[in-house]
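Here's the structure, in structure tokens; my notes come after.
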């Protein structure tokens, strides 16, 4: 299969161009109009998308002008961008004397347009008569609107907007549902996050949300009842990066891999998305985060119900009582439509194993304080008495206790409302022996090929851990911050939290874990980026690295391969082509291996000590472990008119495939023993040969490049902590000591006012 890798083309998802800098020196300058147009001053007064019907034969665009003194004819130029010849634009537009506006009437073939597709048409007014203040050239979009029919009011259970604004998951609201008239397997939730809807979901209108127009969430159902959300515009913008501009928000299905969506299900008139993290929000450049973290996102068609015994909670802030001294925590609950009542208790500490507590609530145990609430009593005041970490355990009730839907919710309360504490962690990255203190591990996991990750901290303060582990050079050349890398590409380390909790020592105030081992290239600098989210609401990012010993026996680093080839040009004259190929040699992940990075690919080589050669058979170690020599494997250009492949052979004509072989002397590669070329072909029948991107023979020159080392600068964007080489038994002073005893806590339903700031907490990362 041809893979879509385009040589010599780099595509960037978001391109920012700085055109100029405007400096404001005074705020006392008065506005003054610009000089009037010296010409007729023609322009488009508005540039809307032009929606027509299938039987339409024409559509008109308003054209305006500033100088109306005389009748005039203004030339018009049109460029068919992707309109397939379905539109005919007049060569000019006419103004009568005294007339400020005129109609530019375009002939259309509405019966040939694809329903739902908008066709771009670039229209330019005479630039000699164009106004300097208005739009005189614009790409208009013309098309037939998709036919959607309202089905009425259905139900939406939110697991996106409310959590993003600090509220509980599972809020249930009414929302309009529409169905496509021509494709009945397509449905839409209409404007679910509009300014009118937000108060029902999050209790008010967000102060940071820009409403941009009609939004929707679309659901596409296949024949098996699987539901996918194609990227759907939500009709609002948010600022998600400090100092950044507002970005359009979209919802879409998460893909487990390139071809596998994490489907929802359509059953009993309801779109269910019960798999957590199966939906994402994103901005136009593709960055985003999960939007269904609890697996509660669901939408019911009109007339159907969401059978729902879910319950969730969120710490909403605090209230200062009338004595002006006592502060109480405000907790918001959200319950499913079928919850008739619920019971809850509050435990001190971050309690994970709550099965016994759930059982005690159901049994009505007198050993804990149990609070009871009806389904409409959703806001509570908790008199907690002291600053600390607490855990709410709640059981929803229908006709009986719904134990399977029981809630465990930890949160932090600061009774004085001061600054939040700073959790302290230690992140270590070293050999397995050094981190475990067990010398016996060296035989199985030698320091030259294996590393391990150690984390020390108070599990009471940990909400989540994500980590990315790999080559430090990848990080340095990524153009991304440490936080961006671990957020976008890190793995969930939930098991690490469990191990830290198991090893927790209350007297010392911390637990520890060693993760790994991780197999790395000998002689490389390996690194780990660890993001620890705390119950205090912050995320600490750590960068640690380890330089592995070079056990290969080779001088690693850059080599340069150079050669020339005499070719015939179109006139039959000899032309000498010069070729140069940098080769970056690194150690392999096992003895007897080397890795050569060439032309953007990493090839695995085996050391043959008997023949003093290093042999590469074409296995690319970072591209699906594919063998890619001697095949046309990749597209060469963006238009996909050409393709290329790498060819290793024993003859100059490249007709006899062979392994790519280098000879070495001492600790360095010294020569190329086979022919090696990147060949380009036309994407036509027979794949005719076009030429070489490079060509090297055994006569090529191979030299080792000595690079002067320059000290690397620390990345300022993370509070990077360089790990010291210590065992996990090292003493560490950590912050907040937590008492695990159950105390007497007062709670009561609350309907008063409290400070709820509606500002989004959206951050990038998956």
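Please treat every number below as a calculation from the coordinates, not as lab data. In this text the structure is predicted, and so the values were computed from the model without any measurement. All Cβ positions, even for glycine, are placed from backbone atoms using ideal geometry, and neighbour counts span all protein chains on display.
Can you tell me the FRET efficiency between residue 611 and residue 153 if r is taken as the Cβ-Cβ distance and R0 is 60 Å, rounded to the nearest 0.05?
The computed FRET efficiency comes out at 0.15.
Quick one: compute the contact order of the range 426-547, relative version, from alpha carbon pairs under 8 angstrom and 6+ residues apart, as a percent. Working shown, then result.
Working: 251 pairs, mean separation 41.6, N = 122.
So the answer I get is 34 percent.
Expressed in nm to one decimal, what extension gain is obtained for the pair residue 138 and residue 114 from 0.36 nm per residue of sequence separation less their Cα-Cα distance?
6.4 nm
Return the label of the correct value of Cα Rg over 2.2 N^0.38 Å, as calculated from the structure shown, out of (i) 1.00; (ii) 1.20; (iii) 1.09.
Given (i) 1.00; (ii) 1.20; (iii) 1.09, the structure-derived one carries the label (ii).
Got the relative contact order for the chain handy, in percent, Cα pairs under 8 Å and 6 or more residues apart?
After rounding, I find 10 percent.
Contour minus end-to-end for residue 567 and residue 324, with contour as 0.36 nm per residue of separation and end-to-end as the Cα-Cα distance? Mind dumping the intermediate values first?
Values: separation 243, 0.36 × 243 = 87.48 nm, distance 8.99 nm.
Length difference between fully extended and current span is 78.5 nm.
Exposure proxy check: 589, 274 ranked by fewest other beta carbons within 10 Å?
On the way: 589 18, 274 13.
Fewest to most other Cβ atoms nearby, the residues stand as 274, 589.
At 7 Å along Cα-to-Cβ for each site, give me the label-to-label distance between residue 477 and residue 533 in nm.
Here the answer is 3.2 nm between the modelled labels.
Please give the length that would be gained between residue 105 and residue 420 if that part of the chain were fully extended, namely 0.36 nm times their separation in residues minus their C-alpha to C-alpha distance (nm, one decimal).
Contour length minus the Cα-Cα distance gives 106.9 nm.
Normalised by the number of residues in the range 50-144, what is the relative contact order in percent for Cα pairs under 8 Å and 6+ residues apart?
37
Assuming R0 = 25 Å, can you tell me the calculated FRET efficiency for the pair residue 228 and residue 639, based on Cβ-Cβ distance, to the nearest 0.05?
0.25
Report the antiparallel proportion of the DSSP beta bridges in the chain as a percent, rounded to a multiple of 5.
Just about 95 percent of them are antiparallel.
Apply 1/(1 + (r/R0)^6) to the Cβ-Cβ distance of residue 699 and residue 519, taking R0 = 45 Å, and write down the FRET efficiency to the nearest 0.05. Don't skip to the answer; put the middle values down first.
Details: r = 38 Å, r/R0 = 0.84.
After rounding, the FRET efficiency stands at 0.75.
If each residue's Cβ is checked for other Cβ atoms within 10 Å, how do 343, 668 rank with the fewest at the top? Kindly include the intermediate steps, with their values, before the conclusion.
Working: 343 19, 668 15.
Fewest-to-most Cβ neighbours within 10 Å comes out as 668, 343.
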